[in-house]
Amino acid sequence: MTPFTPAEAVGLLFAQPDVELEISDGAFIRVHAIRIENDLVVATAPRLSVQTGMELTGRVIGPDGQPWVIPLQLEDASYHTPDLAVCRMRAMGCEVDTTRRSAQRVPIGGVAWLEAVNCRDIVDGDRVDGSLEDLSRTGVAFTTTRVLREGDRLVFNGRFFADSIAGEVRVASVRPAAAPGHIVVGCRFIDIDADSVARIDRILSGGREPEGDAQIDVSALRDLASGENDGGGWRGIFKRG
């Protein structure tokens, strides 16, 4: 697939002026675009989090649903206010984001409820209710009527029949749902415990335990072979009827 040009990537990434960019693995800052000139963006950013020469990463979902990663070189970061710096960032290209959808997601039904941790349009601690759409070991998608945006962080809780999972998620994509007034929110797990991962594996395998975990009751087999059970052993099975 042909990637976007740097100018097109910038236009896609900064479709809204406020954007979260990754500055290191799992660490994000929010920047506000002031001016865009082809592949160059002038924006404000947290002053103590940026410095000239560093590289930032933007992640977007293209019009075709394909995830893209956009590296930006910070050419200049200068004092603006005690809290903000004015930054000149230039897009270096655009590549398919292989970190997203790294595990196959399967459609699944269930209920979801989340607690806002750091969201642009939802107060911290507020509850978000939704219906589950799909699930994988790395992420989950759900529909909701609440307004969520890429980069928002929430604590996720989901229930699939008898199984429940919990973990912190970051919104990776938002698209309109089939139902009016609803959106489909795709999220990546950024913090999840081993028990929840094990439950996800069980859910994705249709409720089967992973191979190799089943234990054989050796004593029961001995009883069956010796005829010390009520059925008369394995010989009794063939004598019946």
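The values are calculated or read from the model by the stated rules, or taken from the named source; none is laboratory data. Only a predicted model underlies this, so the values are computations on that prediction, with no experimental measurement involved. So basically every Cβ, Gly included, is an ideal-geometry build from the backbone, and we count neighbours across all protein chains shown.
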Boolean, residue 186 is in the same structural domain as residue 122 (by TED's automatic domain parsing) and under 24 Å from residue 66 (Cβ atoms): yes
Single residue of 78, 131, 164 found to be without any contact (Cβ under 8 Å) to a residue 24 or more places away in the chain and more than 27 Å from residue 9 (Cβ to Cβ): 131
Any hit, region 121-141, residues being more than 24 Å from residue 201 (Cα to Cα) and surrounded by 20 or more Cβ atoms within 10 Å (Cβ to Cβ): yes
From the options 40, 56, residue that is surrounded by 15 or more Cβ atoms within 10 Å (Cβ to Cβ), within 19 Å of residue 92 (Cα to Cα) and either free of Cβ contacts under 8 Å to residues at least 24 places away in the same chain or under 25 Å from the mean Cα position of the chain (by Cα) (or both): 56
Strands (runs of 3 or more DSSP E) wholly inside region 134-180 that include at least 2 residues being within 19 Å of residue 28 (Cβ to Cβ) and within 10 Å of the chain's Cα centre (by Cα): 163-176
Condition met for residue 5 (surrounded by fewer than 17 Cβ atoms within 10 Å (Cβ to Cβ) and within 22 Å of residue 81 (Cα to Cα)): no
Residue, nearest to residue 118 (Cα to Cα), within region 26-50, restricted to residues that are out of contact with any Lys or Arg (no Cβ under 8 Å at 6 or more places or on another chain), at pLDDT 90 or above and outside any strand (DSSP E or B): 49
Conditions (1) at pLDDT 90 or above; (2) of a type outside the set (Asp, Glu); (3) outside the structural domain of residue 19 (by TED's automatic domain parsing); (4) surrounded by 20 or more Cβ atoms within 10 Å (Cβ to Cβ): number failed by residue 147: (4)
